[in-house]
1. Go through the stretch 65-95 residue by residue and tally those that are touching a Gly at 6+ places or on another chain (Cβ under 7 Å) and part of a helix (DSSP H, G or I).
2. With a cut-off of at least 3 residues that are farther than 29 Å from Asn217 by Cβ, name the strands (runs of 3 or more DSSP E) lying wholly within the stretch 322-405.
3. Taking the criterion of being among the basic types (Lys, Arg) and either surrounded by 24 or more Cβ atoms within 10 Å (Cβ to Cβ) or within 22 Å of Gly343 (Cα to Cα) (or both), would at least one residue in the stretch 260-272 satisfy it?
4. State the number of residues belonging to the stretch 423-449 that are among the polar types (S, T, N, Q) and modelled with pLDDT under 95.
5. Quick one: in the stretch 406-422, of everything that is outside any loop (DSSP other than H, G, I, E, B) and either in contact with a Gly (Cβ under 8 Å, 6 or more places away or on another chain) or surrounded by fewer than 16 Cβ atoms within 10 Å (Cβ to Cβ) (or both), which residue is modelled with the lowest pLDDT?
6. Every residue in the stretch 219-266 that is under 20 Å from the mean Cα position of the chain (by Cα) and in a helix (DSSP H, G or I), please.
7. Which residues, taken from the stretch 379-421, are more than 30 Å from Asp199 (Cβ to Cβ) and aliphatic (A, V, I, L, M)?
8. Could you go through the stretch 245-254 and let me know if any residue there is at pLDDT 95 or above, over 18 Å from Ala408 (Cα atoms) and either in the same structural domain as Ser342 (by TED's automatic domain parsing) or aromatic (Phe, Trp, Tyr) (or both).
Amino acid sequence: MKIKFLGAAREVTGSCFIIETDKARFAVDCGMHQGNDEMEKRNWDVDIYEPERIDFILITHAHIDHSGLLPRIVQKGFRGPIYATEPTGDLVKILLLDSAHIQEVEAGWKIKKMQRSGGSPDVKPLYTVKDAQAVAPLIKTKTYESIFSPGNGIKANFRDAGHILGAAILELFIEENGATTKLVFSGDIGRRHQLLMEDPSTISEANFLFMESTYGNRNHKGEEDSLNELAEAIQYSYSRGEKVIIPAFAVERTQEILYSLHLLSMAGKLPKDMPVILDSPLAIQATEIFRRYRSYLDEETQDLLKKGEDPLDLPQLQFSSTTEQSMQINKLKGSAIIISASGMANAGRIKHHLRHNLWRPGASIVFVGFQAEGTPGRRIVDGAKTIRLFGEDISIKAKVWTISGFSAHAGQDQLLDWLGHFQSKKMQIFLVHGEISVQEYLASLIRERFGFAVTIPEYLEEIRLKVGAKLEEVKQPKVEEKRIDWDLLLGDLESKISHLQGLKKKLQALPLSKQMEIRDTLREANHNINEMKDEI
């Protein structure tokens, strides 16, 4: 059999693996690439997936980086079944509709911008709401620990990954030439002792393991420390009459933050007169799905619900569903906690709240999840002095908090502990869903501690899998590596600056209004160069 890595290869987003056996061709996950413009261009090139040749798709969980390209694949000809757990099926439907709406809105903005500048726009959304709706009839749901056969010679089993509601570790048993090979895809492995979720299931046997490595180089803060730090952030801004802005993924992270605020309220650490506003229609819908599937939640949460205590509710909790309600939040006087999507601050309503609060010294921006390279959230976390939002440079004066203890991903020690349950000494490990520097560090630990063979696949790499044999790379047309000629680029810039110096007298002779217009253009260019220097 062969496997092709179409995402989550030396990156954290775009999870997708195409497996081809002698009887079937199918995908594990179908995620959207997120990050910088170059990374997101990959979402348009789905011909390399050959959608019409995919027999079925298995989805480990609902997050967009694992499910977000499903409408695009269906748009391009995929018609097979999509298998997922029951909660994942419901969550995928609302997440894809929200993603499609964002695609349509952003395409509309680009069209208007081009029209205002006199251009002839030929802009289309990546996919539409209609495309997202076409996914729903294809979804077939399964329960945990229920082995099923999605294709000829293939058996599959979803096991609890402890990551988000319905998230699964996928076991695959593939029969070829009379022999059975076991593949395990970890999906995203959850953090132990996480609120709401059960701990991840453990597995002891596999021939090939495809393991996430998001936090393979570090551990998270403890749950109590994280809760105390959240209380500190709240008090910091409450005492200054400013807002606490929490960019949070609509699924799981929002619900865990609500649970945490419930715990702080019970402990008297959440001011009773401080509004908590959930500004995300998607998160509001997702929270209702969490309530619907209470049997998938951990015992502690189920016990609270049986007693009539709702850990996802607060006396001062307010919901903001409409655009008008969202806009009114930024007119609100005094302190408040605002939870909004997206979690990486690269889309949605959170960008408006950042625009209104990043420049306020008493405000708090609290990041409670992973920030991928190239996203606004990552730039803020990495210490940027300014950030551009809606064509405006916003100074970052608010206090920035990064509380990793709320992550739904296992930290380094927990990844290694989970891996330690495998008894197959000849198992081959592929590290996926991680940045390359992190993966290399984790790979060295795994080799040293367990002696497993570890491979870090590249984007578009295709490998033949055969138990007991050396990994064989299937030769593919080499992707041309893009290089930037910095000498040419910087030389051209230097030449233009020198030319402007020679035009100084002519510039001074222009009408004052024209001089000011040129000055402003040069100031903006200078600001952009300074911003790039800060990032470097």
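The values are calculated or read from the model by the stated rules, or taken from the named source; none is laboratory data. The structure presented is a predicted model; accordingly, all values stated were derived computationally and were not measured. Ideal geometry is used to build each Cβ from the backbone, glycine not excepted, and the neighbour counts take in all protein chains shown.
1. Residues flagged as touching a Gly at 6+ places or on another chain (Cβ under 7 Å) and part of a helix (DSSP H, G or I) within the stretch 65-95 amount to 7.
2. Counting at least 3 such residues, we get 336-340, 392-395.
3. As a first pass, look at the stretch 260-272 and keep what is among the basic types (Lys, Arg): 269, 272.
Cutting the leftovers down to either surrounded by 24 or more Cβ atoms within 10 Å (Cβ to Cβ) or within 22 Å of Gly343 (Cα to Cα) (or both) gives us none.
Checked the stretch 260-272: no residue is among the basic types (Lys, Arg) and either surrounded by 24 or more Cβ atoms within 10 Å (Cβ to Cβ) or within 22 Å of Gly343 (Cα to Cα) (or both).
4. Filtering the stretch 423-449 down to residues among the polar types (S, T, N, Q) leaves 423-424, 428, 437, 439, 444.
Narrowing the set further to residues that are modelled with pLDDT under 95 leaves 424.
Number of matching residues: 1.
5. Across the stretch 406-422, the extreme among qualifying residues is Phe406.
6. Scanning the stretch 219-266 gives Arg253, Thr254, Gln255, Glu256, Ile257, Leu258.
7. Ile380, Ala384, Ile387, Leu389, Ile394, Ile396, Ala398, Val400
8. yes
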